[in-house]
Amino acid sequence: MPLSAILNDSPIYAYRLSPKEWAALKQQDSKLRFSCCTANVILKRSPLGTQFFAHARKGNCSTAPETAEHLQAKDTIARTSIAVGWDAATEVRGVTPDGCEWVADVMISRGNVRLAFEVQWSPQTYEDTLERHKRYEMSGVRALWLMRQKNIPNPSRDLPAFRLILDDQKRLQVGIDWNTEFNSADTWVGLAEFVQGALRKSLVWRPLEGSRRNAKMSGYLRECWNCNEHVVVPYKCSIGRYGSPAYFSFGLMNLFAKAPGLRDTLWPTNEAEQKARAEVWIEDGRSVGHCFNCGAPITTNLNDPRHYERMITLPDINLHLTGELLDAIDAPLATDIWGFLPQQNS
């Protein structure tokens, strides 16, 4: 129990003690004990400066030793949680209704809400993580995972897991935004800032929903084979800069086929762009449009001799990313991701 021990039948936590109080406690170390075993307790300080309790002799205790980084992470989480108005306890033990035991690295609470922060500095499989997570759910505890390993679970609302590293300046950093392959984080924040933001509702699932973004629309410029007017058949919409965490794109014709009601929302309709618009739907398994001028069909067959085409980009539009739109888009970076928003006061 590195950050907690028992003194006079009450828990005592290393992170709650000032350096002066810690020094004074050393005079009473013979009165300290652990809840996990009968070993004597000694007071130590890790290479990273974290105060912690240690077993004088390990003996038969099953409690695994923890690294200095693990201790520092638990200490930071507990201290930060207390600073923003939550209660915090470390190495909290519990049992699920069906008898499975669990030990939370840091358990924070406020009112009826309990949240377990789990720091996983050693590798752990997805299956083991999911199993441990379910134990918390069965016990009415929400859980959040901070994992050192690179192959952490993909962003999930049901299993929130984030990458935790110790950088070159010996600072614990949490990865927030993911790149387009979901294999590494593109944005890092300090652990204390992350915890503070999570508890102040800055950590949100589907952060793009309800926001507005500038969207680039592109389409195929085609000449009507019948009247020689030009129309644009919608092709793709892109939001954000390519390669950035917020970037995603989607095919417009496929989207309109799935959600035709979105066509008027996405495709420009003002008078200056009327000539760049074509009504598009699915007919006999292929996309077709009609000339705005004469109504002749504008096919999408590249080998059709009745038209020529080239890709053009239309003026940006300010797009409202509604839940309906995000649900219809096949773009995980728009729908299946955690975001870290500017902090709000709780």
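The values are calculated or read from the model by the stated rules, or taken from the named source; none is laboratory data. Just so it is clear, the model here is predicted, and its values are computed rather than measured. Note that each Cβ is placed from the backbone with ideal geometry, even for glycine, and that neighbours are counted across all protein chains shown. Keep in mind that these areas ignore ligands, DNA and RNA; they rest on the heavy atoms of the full protein, side chains included. Shrake-Rupley method; radii C 1.70, N 1.55, O 1.52, S 1.80 Å.
The C-alpha atoms of the range 89-131 occupy a region whose extents along the principal axes are 33, 26, 15 Å, arranged from largest to smallest.
For residue 61, the accessible area of its heavy atoms, probed at 1.4 Å with every protein chain present, is near 20 square angstrom. Are there trypsin sites (Lys or Arg not before Pro) in the range 74-168 that DSSP marks as loop and that have at most 12 other Cβ atoms within 10 Å, and which are they? Within the range 74-168, the qualifying trypsin sites (Lys or Arg not before Pro) (loop, at most 12 other Cβ atoms within 10 Å) are 150, 157. Per-residue Karplus couplings for the range 34-45, computed as 6.51 cos²θ - 1.76 cosθ + 1.60 with θ equal to phi - 60°, are listed in order as 9, 8, 8, 6, 9, 5, 5, 10, 10, 9, 9, 9 Hz, Gly and Pro entered as x.
Backbone amide hydrogens, once placed in the peptide plane, bring residue 319 within less than 5 Å of 213, 214, 215, excluding anything fewer than 5 places away on its chain.
Take the Cα radius of gyration of the range 1-156 and divide it by 2.2 N^0.38 Å, with N its residue count; two decimals is plenty. The partial results should precede the final answer.
Details: Rg = 15.9 Å, N = 156, 2.2 N^0.38 = 15.0 Å.
Here the answer is 1.06, to two decimals.
For the range 1-101, which whole-number percentage of the solvent-accessible area (1.4 Å probe, protein heavy atoms only) is attributable to carbon and sulfur atoms? Could you put the intermediate results ahead of the total?
Details: 2650 of 5410 Å².
Roughly 49 percent, rounded to a whole number.
Taking amide H atoms as placed 1.01 Å from N in the peptide plane, the amide H of residue 114 lies under 5 Å from those of 142, each 5 or more residues away in sequence or on another chain.
Once you have the Cα-Cα distance between residue 187 and residue 8, take 0.36 nm times their residue separation minus that, and quote the gain in nm to one decimal.
Working: separation 179, 0.36 × 179 = 64.44 nm, distance 4.52 nm.
Taking 0.36 nm per residue and subtracting the Cα distance, the gain is 59.9 nm.
Counting 0.36 nm for each residue step from residue 205 to residue 61 and taking away their Cα separation leaves a gain of 47.8 nm.
Eigenvalues of the Cα gyration tensor times 5, then square-rooted: what semi-axes does that give for the range 10-69, in whole angstrom, largest first?
Values: eigenvalues 70, 46, 18 Å².
Result for the range 10-69: semi-axes of 19, 15, 9 Å.
Remark: the range 149-162, residue by residue, has Karplus-estimated 3J(HN,Hα) of 4, 6, 8, 7, x, 4, x, 8, 6, 7, 9, x, 9, 9 Hz, where x stands for each Gly or Pro and the curve is 6.51 cos²θ - 1.76 cosθ + 1.60 at θ = phi - 60°.
Phi angles across the range 71-80 convert, under the Karplus curve 6.51 cos²θ - 1.76 cosθ + 1.60 with θ = phi - 60°, into 3J(HN,Hα) values of 4, 5, 4, 4, 4, 5, 4, 5, 4, 5 Hz, Gly and Pro given as x.
For the range 43-193, the solvent-accessible area of protein heavy atoms averages 50 Å² per residue (probe radius 1.4 Å; ligands and nucleic acids excluded).
Within the full protein context, the accessible area of residue 320 is estimated at about 80 Å² for a probe radius of 1.4 Å. Of 31/134; 31/74; 150/216, which sit over 31 Å apart, Cα to Cα? In this structure, 31/134; 150/216 lie more than 31 Å apart at Cα.
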